[in-house]
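The values are calculated or read from the model by the stated rules, or taken from the named source; none is laboratory data. Just so we're clear, the structure is a prediction, and the values are computed from it rather than from any experiment. Here the Cβ positions follow ideal geometry from the backbone for every residue, glycine too, while neighbour counts run over all protein chains shown. For the accessible areas, the whole protein counts, side chains as well, though only heavy atoms, and no ligand, DNA or RNA atoms are used. Shrake-Rupley method; radii C 1.70, N 1.55, O 1.52, S 1.80 Å.
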Amino acid sequence: MQKNLFSLLLFFSLTLAADEPTQWGENVTGVVTTFNSSKKEIALTFDACGGSFRSSQYDAELIAYLIENRISATLFINSRWIHSNPEIFKELAANPLFEIANHGTAHRPLSVNGKSIYNIQGTRSREEVLEEINANALLIEKLTGKRPLFFRSGTAYYDEQAVAIARQNGVEIGGFSVLGDAGATFSADKVAYQLTNAKSGDIILLHMNHPESGTREGVREAVEKLKIDGFSFIRLSDVKNRLNPLP
């Protein structure tokens, strides 16, 4: 009897352990970080986070530059930023240069067991993973008529089970291969350096909610150089059939 009880407890402990995620970070199985291209193409992606006065700002000059120069981009927008900037959001969503993507509902890392990063609590279950994705997806769909295909979590951290849940629900995780501005903390020179060293097929992570940062000037400098070098700029949906999820 005692031997059978021990075996049963061992079985359940191994089963529970097997169910625990084994990966945690920005680059876990299933996250899209690059795309295939036979041409010189780069994907610029811009996050808008919200949740505080500072993170709910809008770099209007940056977006005006992109529009003036016909630069396409994917905009990952959090629900809190949308609520703080409803009219601006409508203008961005109506512009065919831009694709609206999902940056989450509460800007939380995506985890099935509550793992945290940068002192930000991650989602704690499958249900919370879906809530973090779907609540903002429904808001975007209500305002634009289109449900976003791409999702990037707050902090861009995930475990592989959360990523699998997203993909099972038709959502691609938009990661990155080039850290463009490090949460809008890089200087303009550093942003320009990061971008001008990008390769065809790279996805670049930047921010559009910090006009005080070096992002705008760095992007301007880099885009001019990249255009001279023959690069074009695409939205993630333009290459959705050429994406490279991490194994």
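Mind ranking I82, I67 by accessible surface for me, highest first, 1.4 Å probe?
Details: I82 5, I67 70 Å².
Listed by decreasing accessible area, they come as I67, I82.
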Between the alpha carbon centres of region 116-152 and region 160-238 the gap in Å comes to 20
Going residue by residue through region 236-243, the Karplus relation 6.51 cos²θ - 1.76 cosθ + 1.60 with θ = phi - 60° gives ³J(HN,Hα) values, rounded to whole Hz and with x marking Gly or Pro, of 4, 5, 5, 10, 4, 8, 10, 6
Of all lysine pairs in the chain that are eight or more residues apart or on different chains, those with Cα atoms under 25 Å apart total 21
In nm, the gap between the two label points placed 7 Å beyond Cα toward Cβ at S187 and S52 is 2.4
Any residue on another chain or 5+ positions along whose placed amide H is under 5 Å from the amide H of S116 is listed here as G122
Zone reached by a paramagnetic label modelled 7 Å from T144 Cα along Cα→Cβ, restricted to region 76-103 with backbone N below 11 Å, covers 76-78, 89-103
Put I173, I228 in order of accessible area, largest first, probe 1.4 Å, and you get I228, I173
For S38 and R70, extending 7 Å from Cα along the Cα-Cβ vector and measuring point to point gives, in nm, a value of 2.3
Residue by residue through region 200-214, the couplings from Karplus 6.51 cos²θ - 1.76 cosθ + 1.60 with θ = phi - 60°, in Hz, x for Gly and Pro, are 4, x, 7, 10, 10, 9, 9, 10, 10, 10, 9, x, 7, 8, x
Note to self, the chain gives a 222 nm [θ] from helices alone (DSSP H runs n ≥ 4, -39500 (n - 2.57) apiece, / all residues, nearest 500) of -11500 deg cm²/dmol
To the nearest 20 debye, region 60-151 has a Cα-centred charge dipole, built from +1 on Lys and Arg Cβ and -1 on Asp and Glu Cβ, of 260
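With the contact rule set at Cα under 8 Å and sequence spacing of 6 or more, what percent relative contact order holds for region 188-247?
Details: 34 pairs, mean separation 25.3, N = 60.
Relative contact order of region 188-247: 42 percent.
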To the nearest Å², the heavy-atom accessible area per residue of region 50-115 with 1.4 Å probe amounts to 41
Per GNM of the chain with C-alpha springs under 10 angstrom, the most fluctuating residue out of N78, N27, N95 is N95
Of the accessible area of region 108-247, computed with a 1.4 Å probe and all protein chains kept, carbon and sulfur make up a percent value of 49
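Order 200-210, 113-123 from most to least packed using the mean count of other Cβ atoms within 10 Å.
Details: 200-210: 23.7, 113-123: 15.7.
Packing proxy ranking, top to bottom: 200-210, 113-123.
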